[in-house]
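Where a number appears in this text, it was derived from the coordinates with a stated rule and is not lab data. Note that this is a predicted model, so its numbers are computed, not measured. Positions of Cβ are backbone-derived with ideal geometry, glycine not excepted, and every protein chain shown enters the neighbour counts.
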Amino acid sequence: MVLPIVKYGHPVLRKKGERITEITPEIKKLIADMLETMYDAEGVGLAAQQVAQALQLTVIDVREVKERPSSLEMNGQPADVASIMPLVLINPEVTGVGNAVAGPEGCLSFPEIYEDVTRPESVEVKALDANGKPLPVQGGWAPGSGDSARNRSSQRRAVHRPHADQGQAVPQA
């Protein structure tokens, strides 16, 4: 189900997300709905706060970003971006790595606004995947391109909805 994306000014966008302690059927449905919402909006990433849920949950899919190709490592080894997308990050801990680089970015909660944002050239992320398994990832982006809806192709994709029949405890990351 496509969820409404909240816009700048909505109080939930300023709230710190609650840690997810259990992968329940409701969390699995929220993940599937967030992916469907992100694809429908032609975005490349969506945080739970952007769909009015104050949770530590983000979905990402950069397969269609051509202007700013991503590099990705999983468990310290180069990974094929296309083969591991979309990424689901539960309770992510993000650490910047490398020099700061500026590039244009947009946000689905700030429609039609694109600005240069300075960020580390790479990030290390410790998170859990949609099944509650540890997901150590390092990713980087080339300078001068954006992590925004305008970089996504207009091609829509079918969304795989995970089967969620019972809850699952989430280990501490």
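Residues 19, 63, 14 in ascending order of nearby Cβ atoms (within 10 Å, fewest first): 14, 19, 63. By the beta-carbon count within 10 Å of each Cβ, the least crowded to most crowded order of 118, 24, 58, fewest first, is 118, 24, 58.
Diagonalising the gyration tensor over the Cα atoms of region 11-153 and scaling each eigenvalue by 5 before taking the square root yields semi-axes of 22, 19, 15 Å, largest first. The GluC sites (Glu not before Pro) of region 72-139 include none that DSSP puts in a loop with a beta carbon having at most 12 other beta carbons within 10 Å.
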